[in-house]
Amino acid sequence: MCSSNCKIILTLLSLIFTVFVARASDIREEMPVDTLLNASCASSIAISYAPESTSIQVNNINGTDDNFYFKSGKDHMRLTLGASGRTSVNCSDITNVTIVESRTALCVEFTTCDGETASYDFAFVDPDNRSFTSYVGRRASDFGFTISKTGRVTWECVSQGLGIGWVDAVRENPETGTSMWRSYEFTWLMTLGVRMSWSRHHSLACGLGLHWQNFHTRKPWYFHKNPDGRISLEPYDEGVTNHRSRIQLFSLQVPFIYSLSFGHKERVYAKIGPIVCFNVGGNIMTEYDYEGREYSIKTGRIGQRPVTVDGIFSMGYGGIGVYVRYSPMSKMRTSSGLNFGSLSTGIVVAF
């Protein structure tokens, strides 16, 4: 009797153990997925698969400039999609975009512009040794990448504001005789900076940039630095030809820029803010021909102010725009004998 009861108990324990193992296996296979992207709409999606690498890019998610990127490199992760070889998927104007990752597969699903549901399952060949990166950023428009994103606030590392423009001296005392169409400037507003964006429309950015300005005379005068440090405008000697003279200023700049985005897909922007300029370099260059010879005279330590503050305003669409920049402060120290600010306008890209 005891032996019979023991057999029954052992049989029941065996059944319970079998059910437990099977259930544990099911639970392991049904582990909760990690949602990498859940967007109501996007302008396009591009999927590129090959045994050695896989990439997914979703552009303008939820009608913004944000893009979603997924990348797996060679020997990092292998996915299978039907037959082996290369697979490419490209669709535009999609909705209901979902990209999720489970322990065993990556699943991509979206609705096409024709209202059809497209679904792709990428099975991991080696689930226990998979590695990939996925992030949201705007790197295509301003060479930046996302640092962090919390709720509606996004922090990004950016490089932006490559521009060229025409510059003129204003509030001259004495008159410098410079010409706006012969004078020019180059600027890299933010060689490297940090931008905080919120509410899809607003952002603040601060960083470090570079700025060159060249003020050329239009009259037959040249800039001359006297022994006492004062700069005067002198006429050229008789017989001098092909003459040109300019003052060049070089600055390290720290801009503080507020941006408002609006219009179609938030592609129209207006930006405004102050720029603190550390004027670390300045020189005079005068070139001319005389009696068949070419002459070039360069003079440094011209007495520029060490720190000035400018203001900038820009409007544009996408990655290109126009700007106006004004410097109300004098560019030169009082001891130089020159007193002038500047007004410039030009074209800017990646802004």
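Given the structure, is residue 159 hydroxyl-bearing (Ser, Thr, Tyr), part of a strand (DSSP E or B), assigned by TED's automatic domain parsing to the domain that holds residue 224 and at pLDDT 70 or above?
Details: hydroxyl-bearing (Ser, Thr, Tyr): yes; part of a strand (DSSP E or B): yes; assigned by TED's automatic domain parsing to the domain that holds residue 224: yes; at pLDDT 70 or above: yes.
When the stated conditions are applied, residue 159 passes them.
Out of (1) within 18 Å of the chain's Cα centre (by Cα); (2) not in a strand (DSSP E or B), what's the single condition that is false for residue 189?
Just one mismatch for residue 189, condition (2).
Name the residue, out of 202, 211, that is in contact (Cβ under 8 Å) with a residue 24 or more places away in the chain, in contact with a Ser or Thr (Cβ under 8 Å, 6 or more places away or on another chain) and open to solvent by less than 10 Å² (accessible area, probe 1.4 Å).
Values: 202 fails: open to solvent by less than 10 Å² (accessible area, probe 1.4 Å).
Criteria check complete, one pass: 211.
Please count how many residues of region 251-262 are within 12 Å of residue 279 (Cβ to Cβ) and open to solvent by 50 Å² or more (accessible area, probe 1.4 Å).
1
Step by step: first the residues of region 171-186, then only those that are assigned to a strand (DSSP E or B) and at pLDDT 95 or above, then the one that is farthest from residue 271 (Cα to Cα). Which residue is that?
184
The values are calculated or read from the model by the stated rules, or taken from the named source; none is laboratory data. Predicted model only: the values in this text are computed from it and were never measured. Counting neighbours? That spans all protein chains shown, and the Cβs are built from the backbone with ideal geometry, glycine included. When the accessible area is computed, the model is the full protein with side chains, heavy atoms only, and any ligands, DNA or RNA have been set aside. Shrake-Rupley method; radii C 1.70, N 1.55, O 1.52, S 1.80 Å.
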